[in-house]
1. Can you bin every Cα-Cα distance in the protein assembly as shown into 20 Å intervals starting at zero and give me the percent of pairs per bin, rounded to whole numbers?
2. Please report the antiparallel percentage of the DSSP beta bridges confined to segment B:112-235, to the nearest 5.
3. Need one number: % antiparallel among DSSP beta bridges in chain A, to the nearest 5.
4. Specify the residue with the greatest mean-square fluctuation among B:N101, B:N161, B:N224, computed from a Gaussian network of chain B linking alpha-carbon atoms under 10 Å apart.
5. Calculate the FRET efficiency for A:H200 and A:T35 from the Cβ-Cβ distance with a Förster distance of 30 Å, rounded to the nearest 0.05.
6. Rounded to the nearest Å, what's the spacing between the alpha carbon centres of segment A:85-142 and segment A:177-191? Just the number, please.
7. What percent does the relative contact order of segment B:47-169 come to when contacts are Cα pairs within less than 8 Å and at least six residues apart?
8. Highest GNM mean-square fluctuation, chain A, Cα pairs closer than 10 Å: which of A:K142, A:K26, A:K68?
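Computed from the coordinates by the stated procedures, all read-outs in this text should not be read as laboratory data. This structure is a prediction, so every number in the text was calculated from the model and none was measured. Glycine also receives a Cβ, built like all others from the backbone with ideal geometry; neighbour counts cover every protein chain displayed.
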Protein chains: 2
Amino acid sequence: MNKLYVVGIGPGNYEQMTIEAYEALKDCDIIVGYTVYVELVKEHFSDKEFLTTPMTKEVERCELAFEKASQGNTTAMICSGDAGVYGMSGLILEIGQKYENVEVNIISGVTAAMSGAGVLGAPLIHDFAVISLSDLLTPMEKIEKRLECAAMADFVICLYNPSSRKRSDYLRKACDIVLQHASKETVCGYVQNIGREGEHAVVLTLEQLRDSTVDMFTTVFIGNSQTKNINGKMVTPRGYKNV
Amino acid sequence: MNKLYVVGIGPGNYEQMTIEAYEALKDCDIIVGYTVYVELVKEHFSDKEFLTTPMTKEVERCELAFEKASQGNTTAMICSGDAGVYGMSGLILEIGQKYENVEVNIISGVTAAMSGAGVLGAPLIHDFAVISLSDLLTPMEKIEKRLECAAMADFVICLYNPSSRKRSDYLRKACDIVLQHASKETVCGYVQNIGREGEHAVVLTLEQLRDSTVDMFTTVFIGNSQTKNINGKMVTPRGYKNV
C-alpha cells in the first residue's frame, strides 16, 4: 500500500519534533508543505525531494501529496505544530476518499498552545480554549461568540493567528470582548517565533495586551481568574481548591 | 546551576516523545514521576535512578524533585502528555520559588488531545475547548458551566478524566449538558490507551456516547456542528465557509 504521512513537525526547532515524526520523514521519498515549514526541516532531510505550495493553496497541496503517494512515492505532508490543530490532517482525510490506494498515517506534534505555554511558564495547566482569530473561513460573529463564551466560563484562552496586515485590530477587539467578563489585571502572555530564531516572550496584563501589537507568528495566552505572574512566568493553578 | 527538567513524555509510546525530551532524559541522573509514567520510560533509560510517588502526592513529588536537583543531581520530573496540560509544570514553578539554586526547564510534549485526535482522524482542526471532568480540585458547577459555554459556542470539546470509580456517571451528565445545545447526531469519538498496549478508538454519535462506559485512561472528543464521520474517521472541517 502507498503511504502518505501527515506530520506535525512541532514549533520549528528540529529537536521539538517527535521521534516518530523524524522516523517518518526519514522513511519518505517526497516531503510536501507550505514553503516556510519546508525551510525549517530541509537541512535535516537533505536527501529528500521537497515540493511546496504557497499559503491558501491547501487543497492543491493535499492533491499534490496524494498524486505523488499514489504513484508509489512514500510521501509526507508536513504541518507546523500538530497536524490536527488548524493543520492539514482534516483536509487530507476529506480528499483521501478519492485515493483508495493510499494509506494515510497521521503523526501528532507539539502545537503552539503547548510549546508557547512552555516558554511562558505554565499558563494552561487547567481547562482551556483554543481560538483562531482568522476570519478567512469562519464568520466573525462565530469567533466573537466563542471569545465571549470562553471568557464567561473562565477558560484560559489561547489565540492563534492573532493578527495579520488585514486584521491589525482583531487582538484589541478580542481583548475588549474578554474584558466584559474578566478583570483588566488578568495575567496574559504572548510568544513570538516559538522554537525559532527570535523567540520572544512577554507576560503582561489583559489591559496591556489590548494595546499591544503582535504579528502573525505570535501565539497569545489570556489567563483565567486564577492565573498568576510568578517572577515573570505565567502560571495557572491546577484548580480552584487549596492544595 | 542545578537543572530540573519538567518533561512531557507524550502519550506513552516512546516514539511519541520529542527529540528534546529524549535528550533531556538522557542528560539526567534522576527521573521522578508518577509510578505509571515511570514504567513507560524505564526500559529506554535503564542507567538512571527512578523515584516515584503515588497519585495525589503531587506536591511531595515536586519537592522530592527539587531536593534532588538542589543537591546537584540533574533531575527530570516526567508527566504524561504535555508538562503544561493538567501536568506538573505549574506546581513546579510555584514550589520553585523556594529553590533559588535550581534552574527549571520545561519541555513540551504531545498531549492526549493531539495524540487522541490523530488516532480518531482529525476531530479538532478548528477551535476547541479542553475540559477535565475531575472535580477533585474544581467545583462541579464550574465544570458544568464550561461544558455549557463550550457547547453554546460550538467548540469541539475534548474531555480529559471522563470517568473514575467515584464518578462513573460524569460522562453521561456532561453529554446531557452538551445535548441541550447540540444535536444527538453530533459526531463524537473516544480513544482508550493512546499510544499504549490496548489502544482502541470508537467513533459514535453524541447520543451513543451518552450511554457509553469509558475508563480513566480514555480521552473523549465531542464534535462541533460541522464534524463528520468519513469512513469511520472523525473529521472537523477547517471552518464554516465552502473551500
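1. 25, 61, 14, 0
2. Among the beta bridges of segment B:112-235, antiparallel pairing accounts for roughly 70 percent.
3. Details: 18 of 44 bridges.
DSSP beta bridges in chain A are roughly 40 percent antiparallel.
4. B:N101
5. Plugging the Cβ-Cβ distance into 1/(1 + (r/R0)^6) gives 0.85.
6. 24 Å
7. On the way: 97 pairs, mean separation 22.2, N = 123.
Value for segment B:47-169: 18 percent.
8. Of A:K142, A:K26, A:K68, the most mobile in the Gaussian network model is A:K142.
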